[in-house]
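Scroll down for the structure; my scribbles are underneath it.
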Amino acid sequence: MTRTRTPGISRRSTLALMGAGAMSVAAPWVARAQAKTVKIGMPTILSGRVAQLGTSSRNAVMLEVDKVNAAGGLAGRQIEMVVRDSKGAPQEAARVARELVNTDGCELLLDGEASSGSFAVHEVARDLGVLCIHTNSEASSLTADPKQHIPNAFRCVRQGIHDSIVGGSYAAGIAKAKGLKKWATCSPDYAYGRDTTGEFTLYLKRFAPDVEVISESWPKLFQPDYTEVVTKILQAKPQALYSCLWGGDLTSYIDQANIYAMFAQMEVFAVNMADYTALTVVKNLPKGIHSGNRYIKTYPSTPENAAWGDAYKAKYNEYPTNWSWQNATAVMFLAEAAKKANSTDGKKIAEVLAGLTIKCPFGADGTVTMRGDDHTLVGYAIGWGTTIPQEPYVPEVKAGDWKTIFELEAEWKKSKGYT
Amino acid sequence: MDLDALTGCLTSSACLVTQTTSGLIIGMLLFLVAVGLTLIFGVLKIVNFSHGAFYMFGAYFAMTTYHLTESFALAMLAGAAGTAILGLIFERVFMSRVYGADVLMQLLVCYAFVLIFDDVVRLIWGPEFKSMGMPAAFQVMPLFIAGGVVPPYYLLLIGVALVAAIVLGIGLSRSRIGKVIRAAAHNPGMVSALGINTGLIYGGVFALGGMLAGLAGALAAPVRSLTPGMGFSVLIESFIVTVIGGMGSIVGALVGALLIGLIRSFGSLGFPLFTEGLMYLFMVIVLVSKPTGLFGKEAA
């Protein structure tokens with residue numbers, strides 16, 4: 001009698017099936033994750049001196065992601081944020097970004113790095129081809145330089161050159177009206193301080209040609225004491241002072257200059273003053289410091305912007321920062337682009353993103369645009385005003401004119417050899 | 001280099017007054033930190049790398065007390081007393097265990113506490129920078145002396161530091177405790193054999209050093225922003241001061257600190273891009289010509 005093998009499931013395949021079954025019972029998220037949620041990776045600075053800004057970036061992202069998820073998610077898939085600390089080190093930012101995509105399976109990247117780290121993450125995006133939106137780097141060259149251009153990267157941030165044009169033209173207006181011809185500058189001694197101060201004085205002199213810079217001070221970043229800088233400026237007797245000191249350095253400087261009554265002796269233009277991180281910390285904020293808007297909930301003075309600022313404060317018990325609005329805007333762009341593309345595919349979203357205009361509380365006219373040719377944010381609310389020591393801190397902001405910005409930006413790009 | 005500005009300043013009384021007081025302010029705060037460092041080294045033979053933390057705690061203690069009580073005097077007291085207690089605990093619990101140990105071991109323990117103290121501040125007060133605010137009494141127009149600008153708060157600051165320097169100098173050279181401390185620095189074994197509790201002296205000296213750094217932090221709090229890690233840059237400059245003045249010498253710390261202050265204030269006029277460099281250059285010159293520092297032989 002011969003035994004013939006009965007047709008059906010063999011022992012081997014039964015074992016394999018059982019194994020797979022056991023796996024899916026033990027690790028159900030493997031199957032579910034790919035179908036339902038979309039992971040977005042975000043390297044940002046969560047420790048060290050600028051941790052406050054990184055945290056405020058994460059907070060803003062979570063505020064918006066919760067809204068998107070409640071409304072059905074990104075093209076039907078719930079967003080799962082994976083936020084990692086880069087400690088502000090570029091090489092760490094690049095490593096984290098790569099790991100987020102390769103190991104954690106993130107399909108999109110929000111790059112919450114400052115300028116130094118953003119270029120490193122940009123290279124990772126170039127290498128992996130993953131869709132990446134820079135949310136904190138203000139360095140103009142990141143998008144203005146055609147060498148940096150890649151189809152899958154965007155910048156949803158205010159830009160250094162825009163700020164310089166608006167600041168220069170605003171300051172020139174005041175300089176002409178008040179006859180401020182002798183200027184001093186005092187900015188931190190590193191790339192940002194040098195570049196920003198150079199661009200500001202470039203446009204200041206362009207709009208007010210008889211302005212002369214008679215004294216320059218370059219204190220080092222995070223210097224505890226500015227007394228010698230303050231007295232040096234007092235000796236030079238300028239009529240106006242420009243500074244791009246920021247954060248704790250700026251508040252130290254103000255406290256130390258205050259007791260020399262510096263603010264009564266000259267007009268002060270401090271581009272980074274009108275940010276809640278500095279405004280709420282300085283105890284004796286002098287009246288009448290000119291500043292660019294970083295983020296304040298009263299500019300643009302719309303109910304949407306005020307409501308957003310209040311909602312953020314209600315959730316996190318502090319006011320948003322300049323980094324917050326930029327990160328929130330990035331999520332708004334993603335949501336709108338995914339809806340239009342009806343997909344979470346990075347390539348398809350990128351195609352829609354280029355040239356996309358969305359409604360946004362931080363737009364100069366209620367909308368912001370992701371410019372198509374260089375993938376950078378334009379149309380955001382940008383302006384200068386003077387401070388008062390209590391809320392709303394900057395009661396009136398003079399809006400920058402985007403037509404002028406575009407003209408001068410094009411000229412600047414040409415002079416740099418970018419176009 | 002801008003030598004015209006420097007010579008212009010040296011011939012103008014207004015500029016001379018402003019820059020000299022500016023140098024004194026920087027120097028006196030530095031002295032308070034550096035003298036603690038040098039005192040601890042002189043008696044305990046330990047390079048207290050974590051000394052900057054006491055400056056930081058002094059500032060935070062003062063800020064919190066000021067915000068709670070609105071009293072500037074209490075704030076200064078809290079800054080000084082709080083760090084004195086902290087110094088005593090730190091010395092008795094941790095530092096006293098590594099006295100005989102390798103220098104590297106002592107350095108590692110101190111460095112560990114630099115990181116730990118920074119994180120403690122971050123946990124209690126948060127990572128963001130803070131500001132204490134100038135007391136209303138000092139929010140007045142600066143004084144004009146011979147055309148130079150001198151803020152009243154800085155006069156107080158220089159005065160307090162000067163009093164501390166004098167009390168410390170006289171106390172160590174004349175009082176009985178001062179003599180015991182100097183004896184302990186010289187020959188701890190003999191002092192111990194005479195029935196004096198050297199542990200108590202060590203703890204006391206450490207507390208005194210911490211208190212002076214804390215006082216410096218408290219005095220600086222109204223004009224400097226407070227962040228975790230703020231002690232570090234002050235510590236580096238204090239090391240320069242002690243190296244210039246001579247490790248273990250109080251007079252050296254005073255002279256070194258004032259020299260650094262004046263180099264900064266006048267250097268920023270004549271050599272705006274090399275002010276930091278001037279400090280180090282001066283240190284190198286002193287080290288080469290007199291390796292023990294200007295007052296190195298006078299052990300405290």
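Can A:Gly292 be described as open to solvent by less than 10 Å² (accessible area, probe 1.4 Å) and either without any contact (Cβ under 8 Å) to a residue 24 or more places away in the chain or assigned to a loop (DSSP other than H, G, I, E, B) (or both)?
no
Return the pairs, sorted by first residue and then second, in which the second residue is among the charged types (D, E, K, R) and not in a helix (DSSP H, G or I), the first residue lies in the stretch B:181-192 and is closer than 14 Å to B:Ile40 by Cα and in contact (Cβ under 8 Å) with a residue 40 or more places away in the chain, the beta carbons are less than 9 Å apart, and the residues are 6+ apart or on different chains.
B:Ala185/B:Lys45
If you check A:Leu221 against the conditions, is it more than 14 Å from every other protein chain (Cβ to nearest Cβ) and either open to solvent by 10 Å² or more (accessible area, probe 1.4 Å) or over 23 Å from the mean Cα position of the chain (by Cα) (or both)?
For A:Leu221, the condition - more than 14 Å from every other protein chain (Cβ to nearest Cβ) and either open to solvent by 10 Å² or more (accessible area, probe 1.4 Å) or over 23 Å from the mean Cα position of the chain (by Cα) (or both) - is not met.
For residues in the stretch B:193-208 being among the β-branched types (Val, Ile, Thr) and open to solvent by less than 40 Å² (accessible area, probe 1.4 Å), which is nearest to the chain's Cα centre (by Cα)?
Residues of the stretch B:193-208 that are among the β-branched types (Val, Ile, Thr), as a first pass: B:196, B:198, B:201, B:205.
Applying the additional criterion that residues be open to solvent by less than 40 Å² (accessible area, probe 1.4 Å) yields B:198, B:201, B:205.
Details: B:Thr198: 25, B:Ile201: 21, B:Val205: 15 Å.
Among those residues, the one meeting the criterion is B:Val205.
Please work out which residue is surrounded by the most Cβ atoms within 10 Å (Cβ to Cβ), limiting yourself to the stretch A:159-211 and to residues that are of a type in the set (S, T, N, Q) and assigned to a helix (DSSP H, G or I).
A:Ser164
Return the total of residues in the stretch B:228-247 being within 10 Å of another protein chain (Cβ to nearest Cβ), open to solvent by 10 Å² or more (accessible area, probe 1.4 Å) and more than 29 Å from B:Cys15 (Cβ to Cβ).
Residues that pass the stated criteria total 4.
Tell me, please, whether a residue that is touching a His at 6+ places or on another chain (Cβ under 7 Å) and not β-branched (Val, Ile, Thr) can be found in the stretch B:210-224.
Among the residues of the stretch B:210-224, at least one is touching a His at 6+ places or on another chain (Cβ under 7 Å) and not β-branched (Val, Ile, Thr), which makes the answer yes.
Is there a residue in the stretch B:74-84 that is within 14 Å of chain A (Cβ to nearest Cβ), over 22 Å from B:Gly36 (Cα atoms) and small (Gly, Ala, Ser)? Before the answer, list the steps.
We begin by selecting, within the stretch B:74-84, every residue within 14 Å of chain A (Cβ to nearest Cβ); these are B:75.
Add one more test, that the residue is over 22 Å from B:Gly36 (Cα atoms), and what stays is none.
The answer is no, given that none of the residues of the stretch B:74-84 is within 14 Å of chain A (Cβ to nearest Cβ), over 22 Å from B:Gly36 (Cα atoms) and small (Gly, Ala, Ser).
Look at A:Val271 and say whether it is within 30 Å of B:Leu155 (Cβ to Cβ) and touching a Ser or Thr at 6+ places or on another chain (Cβ under 9 Å).
Considered against the rule, which asks whether it is within 30 Å of B:Leu155 (Cβ to Cβ) and touching a Ser or Thr at 6+ places or on another chain (Cβ under 9 Å), A:Val271 comes out as no.
Kindly provide the set of residues from the stretch B:106-143 that are open to solvent by 30 Å² or more (accessible area, probe 1.4 Å), facing another protein chain (nearest Cβ under 9 Å) and over 30 Å from B:Thr18 (Cβ atoms), ordered by number.
B:Arg122, B:Pro127, B:Glu128 - these are the residues of the stretch B:106-143 that are open to solvent by 30 Å² or more (accessible area, probe 1.4 Å), facing another protein chain (nearest Cβ under 9 Å) and over 30 Å from B:Thr18 (Cβ atoms).
Give just the number: which of (1) in contact with a helix residue (DSSP H, G or I) (Cβ under 9 Å, 6 or more places away or on another chain); (2) more than 14 Å from chain A (Cβ to nearest Cβ); (3) among the small types (Gly, Ala, Ser) does B:Gly195 not satisfy?
It fails just one condition, (1).
Determine which single condition B:Val103 fails, assuming it passes every other condition in (1) at the interface with another protein chain (Cβ under 10 Å from one of its Cβ atoms); (2) in contact (Cβ under 8 Å) with a residue 40 or more places away in the chain.
Single failed check for B:Val103: (1).
Among all residue pairs at least 6 apart or on different chains, which show Cβ distances below 7 Å where the first residue, located in the stretch A:36-49, is assigned to a loop (DSSP other than H, G, I, E, B) and the second is open to solvent by 30 Å² or more (accessible area, probe 1.4 Å) and of a type in the set (Ser, Thr, Tyr)?
Listed pairs, sorted by first residue: A:Leu46/A:Thr55.
Considering the stretch B:212-227 alone, what residues qualify as being within 14 Å of another protein chain (Cβ to nearest Cβ) and under 9 Å from the mean Cα position of the chain (by Cα)?
Listed by number, the residues that qualify are B:Ala213, B:Ala216, B:Gly217.
Under 8 Å between Cβ atoms, at least 6 apart or on separate chains: pull out the pairs that start in the stretch A:247-267 with a residue that is within 9 Å of chain B (Cβ to nearest Cβ) and end on any residue that is among the acidic types (Asp, Glu) and surrounded by fewer than 22 Cβ atoms within 10 Å (Cβ to Cβ).
Matching pairs, first to second residue: none at all.
Conditions (1) farther than 21 Å from B:Asn48 by Cα; (2) without any contact (Cβ under 8 Å) to a residue 40 or more places away in the chain, marked per residue:
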position	(1), (2)
B:Gly248	no, no
B:Leu259	yes, no
B:Leu278	yes, yes
B:Val286	yes, no
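So B:Val150 clears everything in (1) over 20 Å from B:Ala220 (Cβ atoms); (2) out of contact with any Phe, Trp or Tyr (no Cβ under 7 Å at 6 or more places or on another chain); (3) not aromatic (Phe, Trp, Tyr) except one condition, right? Which one?
The one condition B:Val150 does not meet is (1).
Of a type in the set (S, T, N, Q), closer than 30 Å to A:Ala257 by Cα and buried (at least 24 other Cβ atoms within 10 Å of the Cβ): does that describe B:Thr83?
On the way: of a type in the set (S, T, N, Q): yes; closer than 30 Å to A:Ala257 by Cα: yes; buried (at least 24 other Cβ atoms within 10 Å of the Cβ): yes.
The answer is yes for B:Thr83.
Would you mind finding the one in B:Ile260, B:Ile250 that is closer than 21 Å to B:Leu37 by Cβ, more than 14 Å from every other protein chain (Cβ to nearest Cβ) and crowded, with 23+ Cβ neighbours inside 10 Å?
Every option except B:Ile250 fails the conditions.
For A:Thr227, which of the numbered conditions (1) surrounded by fewer than 20 Cβ atoms within 10 Å (Cβ to Cβ); (2) within 9 Å of chain B (Cβ to nearest Cβ) fails to hold?
In the conditions (1) surrounded by fewer than 20 Cβ atoms within 10 Å (Cβ to Cβ); (2) within 9 Å of chain B (Cβ to nearest Cβ), A:Thr227 misses (1) alone.
Quick check on the stretch B:156-178. Is at least one of its residues surrounded by 13 or more Cβ atoms within 10 Å (Cβ to Cβ), within 30 Å of B:Met141 (Cα to Cα) and in contact with a strand residue (DSSP E or B) (Cβ under 9 Å, 6 or more places away or on another chain)?
Scanning the stretch B:156-178, I find no residue that is surrounded by 13 or more Cβ atoms within 10 Å (Cβ to Cβ), within 30 Å of B:Met141 (Cα to Cα) and in contact with a strand residue (DSSP E or B) (Cβ under 9 Å, 6 or more places away or on another chain), so the answer is no.
Take B:Leu39 and decide whether it is within 11 Å of chain A (Cβ to nearest Cβ) and either farther than 22 Å from A:Ser252 by Cβ or among the aliphatic types (A, V, I, L, M) (or both).
no
Looking only at the stretch A:235-246, filter to residues that are touching a strand residue (DSSP E or B) at 6+ places or on another chain (Cβ under 6 Å) and not in a loop (DSSP other than H, G, I, E, B); which one of those is farthest from the other protein chains (Cβ to nearest Cβ)?
A:Ala240
The values are calculated or read from the model by the stated rules, or taken from the named source; none is laboratory data. Fair warning: this is a prediction, and the values are worked out from it, not measured in the lab. All Cβ positions, glycine included, derive from the backbone under ideal geometry; neighbour counts span all protein chains shown. Remember, those area values only see protein heavy atoms, side chains included, never the ligands or the DNA or RNA. Shrake-Rupley method; radii C 1.70, N 1.55, O 1.52, S 1.80 Å.
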